[in-house]
Structures are given as structure tokens and as C-alpha cells.
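The values are calculated or read from the model by the stated rules, or taken from the named source; none is laboratory data. A quick note: this is a predicted structure, and the numbers were derived from the prediction, not measured. Cβ coordinates were reconstructed from backbone atoms using ideal geometry, including for glycine residues, and neighbour counts include every protein chain displayed. Ligands, DNA and RNA are excluded from the accessible area calculation, which covers all protein heavy atoms including side chains. Shrake-Rupley method; radii C 1.70, N 1.55, O 1.52, S 1.80 Å.
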Amino acid sequence: MAVIKFIIDNILTQAAITIALIAALGLILQRKSFGSVLSGTFKTLLGFEVLSAGSSIIVASLTYFGKIFSHGFHLTGIVPSIEAINGQAMNQLGLGNEIALTFLGIFIVNIIIARFSPWKYIFLTGQALLWMATMTTIGGHAAGLTGFPLIALGSVIGGIFAVAMPAIAQPIVRKITGNDAIALGHFCTVGYMVESGAAWLFGERGEKKHSLEDVKLPKSLEFMQDTYLSVMVVMVPLYLITAAFAGPKYGSIGAGGMNYMMFAFLQAIQFVVGVYVLLAGVRLLLGEIVPAFRGIAMKLVPNSKPALDCPVLFPYSPNSVIIGFITTTIGTVIGMFFLPVFGLAVILPGMLTNFFAGGTAGIFGNAVGGRRGAIIGGVIHGLFITLLPALLVGVLTHMGFTNASATDSDTIVACLMYAWIISPILKAV
Amino acid sequence: MFGLFKNKKDKKPVEETKVQLTDEEKNNLNNEIKSLKSALKGQSGNDKIVTLNSLGSTYEKLDDKDNAIKYYEDSLAEKEQFGDAYNALLRLYEEKRKEAAYKKDDDDIQKYVGKMDDLMSISKRVLKSNY
């Protein structure tokens, strides 16, 4: 008995172990050799620890940023970063175990729905599923759920999203790709539908509709060629300007005698380092689990429709990606200044989301409303993806998150569903 | 919505439009392949890519997916770009993935899903290198 109690109390409560065991299960179900199971399990364990290390780096940098921002502008400045939210939920809040099990649960619910319903979508973007598991766990935790109910509800809600989001996007995806073979598996779909709706309202129709692909764009966005460089290009000025407003007294907190501007510069770099490490951890973490489970999913649902990550649409409309990125960024900048007027937090534009979600939204806007639809829709999309994290801030700061909010719109919608619908119901009964 | 009431008339999957080829047509296509292959020798740059794509599409007409994939992949290896080869590969990988899934062939499922992942990476690279 003592041994079992020791295992349950000390080993299975460790998220790193749980997620490694999930990987082991997937590999064993695939009848992999003993060596492959062992190496895959340890790689997953390692990935989790690398992710945690990245998260600590990000949190340290964001804590500094939060301080100088509140002293510099007397407002709460929030950096939207789903990676930071995931890291903090796993480490600071100790929700890693629940997130890992919900991640597995979402996969299972997805397979069940695809197997027995007419919606054959299998969500293949592992990273996005991890973010969804994170946000349903946070939402459930905020609503007061723990243990099995928390994991089960998160799995069902996440599993429904994993099928519903590709299904909702599919009519427009068909229009973009010209076939029905591939679906889009990216949890920013609510945002894409907002852009599509705006593009339909304000865009061009019929013969007046001109595609962005007929326009020649200048080549001037070279910094976008490198993901981390593009984050740095934004974070460095952001930290420097904020530190300048905060002044040397607050800007040098923790600097240990270093010049405060230099310290702010290095903290901005630290943020990028944190994202780099964290994403490397995510790759290691999911590198074994995702192939194992999608192999299982494909065998159980052979006629499935794979829902792939957003770059699947880029080739069909490369100009729209660039215009989507630019217009979404304009929208997020307007939102940054505009939302505090209504008492909401200042949400700083996140370049990675603006590029991938904004770019994909641009493709939707162009497909529905042509040039004008993509441009107006893009700005509205930018406003929308600034509003959602701002609405979420209340839920998150209440739980002890440091100066961060989530990014991917569907995951935020799932979390807000908990806060606005499920939590009141649970309190009423 | 949700694919239930979708407009199916203009978006038939590829295989449904495929017609049985007569022997004569097959012969013609095989002759075309021969002449394309001989043209390929000594070609380079854009000409080579055009020929490789033609080989890919001719094999696709013959329903020889493996050879079609081979030539399209060669085309993409010459130059990573959006276009016929990229789109055809995405389609062909998915068809092969589906075949493997029905046969419950795990290695092939992983192979073609992995290849689709590679296409996603190419997509990101091509887009970024354009700007």
C-alpha cells in the first residue's frame, strides 16, 4: 500500500511524468520497439522540462516589463502570448498534470466524434491542441472544477472545438483551395470568421471583386524572414520606450547597477530567448506524442479529413497573407490605444499571432470580399483579436498570471465560455 | 454550414472526375513520358522544372501516384515555390495517406502525414523568402 501511495502522491502528480507516460502509451499502442518507446518517453520528459525552463525565462522578463509599464504609463500592459500562459499554468499554478491529461482527452474525443459523426475532421496541429488543453483547464480551474470533472469537461469542450472549428471554416477553405480534401486546423477560426463576416459586409462582390493576388507588393518585410527576429523587432523598442517612460528609478529594478536602458534592452532579449527555449521544448514534447496518436487516429478513422496548420493555405494566396498581417497589425495597434478608454487593459500587439493568424485571416477576407474585404476585414480582425485577450485579462489576473494573456481566439472563446456560462451554472446548482 | 448543405456541384474530389483510360490513351501518355524523359536530360533551371511538372501530371493521369509524387518532389527540390508541384503533392500525399489508412499501414500513414508536415514548412519558408 505504501508503495502505491508513494507512486500516486509523488510520481503521478508530476506533470512531466504524466505527459511522458502518455507518450509511452501512444508508442506502445503503435507496437514500437522497446528502445523506441524508451527514447520517445524520455524525449517527451525532457521536452516538458525544457518548456518549463523557457517559461521561467519569459515570466522573469514579463514581471520586469509589468513593473516598468505600470510605473511608466499608470496602466496595466499585457503581452499576449499563449506560450507564456501555458508555461505559467503548468509551473506557477501547478496545472501541468491536468493539462497533459486534457490534451490526451481532447484527442480521444476528437477521434470519437470523427468516427461516429458525419464530421470527419481530425485535428493534426499538436501545438494548437496543447494550447486548447491549457485554456480549458484554466477556465475549468477558474470555475472551481478540480480533478476528473475538470479534465473530462475540458476534453469534451476541446474535442468539440477540434471538430467544429475546421467544419465551420470548411466552406471558405473549399473556396480557397478549390477542393475538399484538406481542412484547416488552427484555433484562430473564430477570428477568421469575424474577418470573413466583415469582408462580406464591406467587401467587393460579383464582378467588382478583385483579388489581392493581382496586386504586386513591394519586398520590404525582410525582418519577417526569421520568426525570432520578428519578435525581437517589436519587443526591443517596446521595452526601451516603456523603460524610458518609467525612468531610471523603476527601470533599474533588479539591474544591479547596470544602466536601466541597457537592462531593459537585455530583458527584451530575454523574452525572445524564453520564447525560443519554450518552443523548442514544445517541439520536443510533442515530437513523439503527436505522430503516435495521429497514427492511431488515422487507422480508426481512415476516411478522416486532416485539419492542418495554417501554412496549408499560404500557397493559395501569398499576397493576402502579407496584407492580412499588415492590416491585422494596424487593427491591434488601434485596439491597444482604444480599449483602455473602456477600462480594459492595454494589449500590446503580438507579432507572431499577427503574422500567422492575421495572414490566414487575410486569405479568408480576400476569398470572401476581395481586396477591400481583406483590408477592412483585416483591421476589424486586429481589433477583435485585441478585444478577446483584453476580456480574458480579468479571469487570468484573478488567478495570479503575470502580465500575460492568451492569443489564439478559439482557445480564448473556450475559456470565456467557462467564465461566462459554465461557472455561473455551476454556482447556481 | 458544417458541410451538410454544402454546394457540391463545382467541387468534386479529384478521383470522382477520373475516367477510365483506353489502351490508346495509355499508349499516348506513355509515349509522352518517354519524350519528356529524354527532353529532361541536359535541361536545367526553369525548363527542367516545367518538364518535371509535366512528368508528374502525366503520371497522375495514368493514376501512377508514386511516380507522379517522385517527379513533383524533384521539381520542388529544384526550387521551393508555390504552384502546380506544391498543390499536386498536397493532394497526392493526402490520397496516399487515405489509402494507407484503409490498409492500416502505419509506416505509410506516418510517411505521408510527415510529408504533409514538410510541405507546411516549405510553405512558411517560401512565403518568408518572398518578402
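State whether the stretch A:202-352 is rounded, prolate or oblate according to the following rule on the C-alpha gyration tensor (a ≥ b ≥ c being the square roots of its eigenvalues): a/c under 1.5 gives rounded; otherwise a/b larger than b/c gives prolate, and the remaining case gives oblate.
Taking the square roots of the gyration eigenvalues as a ≥ b ≥ c, the stretch A:202-352 is oblate.
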ask   = How large is the dipole of the protein assembly as shown about the Cα centre if only Lys and Arg carry +1 and Asp and Glu carry -1, each at its Cβ, rounded to the nearest 20 debye?
value = 500 debye
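Ignore the peptide's own chain and count Cβ atoms of other chains within 10 Å of each Cβ in B:77-83; give me the average, rounded.
On the way: counts 0, 0, 0, 0, 1, 5, 1.
Per-residue shielding by partner chains comes out at 1.
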query = So, in nm, how far is label B:Asp63 from label A:Ser70 when the simple model puts each one 7 Å beyond its Cα toward the Cβ?
reply = 6.9 nm
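Hey, if we sort A:Thr386, A:Thr353 by accessible area with the 1.4 Å probe, largest down, what's the order?
Working: A:Thr386 5, A:Thr353 25 Å².
Largest to smallest exposure gives the sequence A:Thr353, A:Thr386.
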note = Simple spin-label estimate for A:Met262/A:Arg31, 7 Å along Cα→Cβ, in nm, reads 6.3 nm
query = If you add up the charges near A:Arg205, with Lys and Arg at +1 and Asp and Glu at -1, over every other residue whose beta carbon is less than 15 angstrom from its beta carbon, what do you get?
reply = +3
ask   = aspartates and glutamates near B:Lys61 by alpha-carbon distance under 14 Å, same-chain residues fewer than 8 away left out - which ones?
value = B:Glu15, B:Glu16, B:Asp23, B:Glu24, B:Glu25, B:Glu32
request  = Counting helices only, and only those DSSP H runs with n ≥ 4, report the 222 nm mean residue ellipticity of chain A as the sum of -39,500 (n - 2.57) divided by its residues, in deg cm²/dmol to the nearest 500.
outcome  = -24500 deg cm²/dmol
key: Potential lengthening between B:Asp47 and B:Lys79 on full extension [0.36 nm per residue; Cα-Cα distance subtracted]   = 10.3 nm
request  = Take the alpha carbon atoms of the stretch A:333-387, find their radius of gyration, then divide it by 2.2 N^0.38 Å using N residues; give the quotient.
outcome  = 1.18
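If you average 1/r across every pair of different Cα atoms in chain A and take the reciprocal, what Kirkwood value do you get, in Å?
22.3 Å
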task = Please compute the net charge surrounding A:Gln92, taking Lys and Arg as +1 and Asp and Glu as -1 over other residues with Cβ under 15 Å from its Cβ.
result = -2
ask   = B:Asn28 to A:Leu38: FRET efficiency via 1/(1 + (r/R0)^6), r the Cβ-Cβ distance, R0 56 Å, to the nearest 0.05?
value = 0.55
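Between A:Trp420 and A:Lys249, how high is the FRET efficiency from 1/(1 + (r/R0)^6) when r is the Cβ-Cβ distance and R₀ = 45 Å? Nearest 0.05.
Numbers: r = 40 Å, r/R0 = 0.90.
After rounding to 0.05, the efficiency reads 0.65.
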query = How many Å² of accessible area per residue for the stretch A:2-428, probe 1.4 Å?
reply = 38 Å²
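Given the Cα-Cα distance of B:Ser129 and B:Glu99 and 0.36 nm per residue of separation, how much length would full extension add, in nm? Let's see the in-between values first.
On the way: separation 30, 0.36 × 30 = 10.80 nm, distance 3.41 nm.
Additional length available on full extension: 7.4 nm.
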task = Using a/c under 1.5 as the rounded threshold, could you call the stretch B:23-129 rounded, prolate or oblate? The axes a ≥ b ≥ c are square roots of the C-alpha gyration tensor eigenvalues, and prolate needs a/b larger than b/c, oblate otherwise.
result = oblate
request  = State the Cα centre-to-centre distance between the stretch A:275-294 and the stretch A:55-87 in whole Å.
outcome  = 24 Å
remark   = Quick shape check on the stretch A:257-339: root eigenvalues a ≥ b ≥ c of the Cα gyration tensor, a/c under 1.5 is rounded, otherwise prolate if a/b tops b/c, else oblate, and it reads oblate
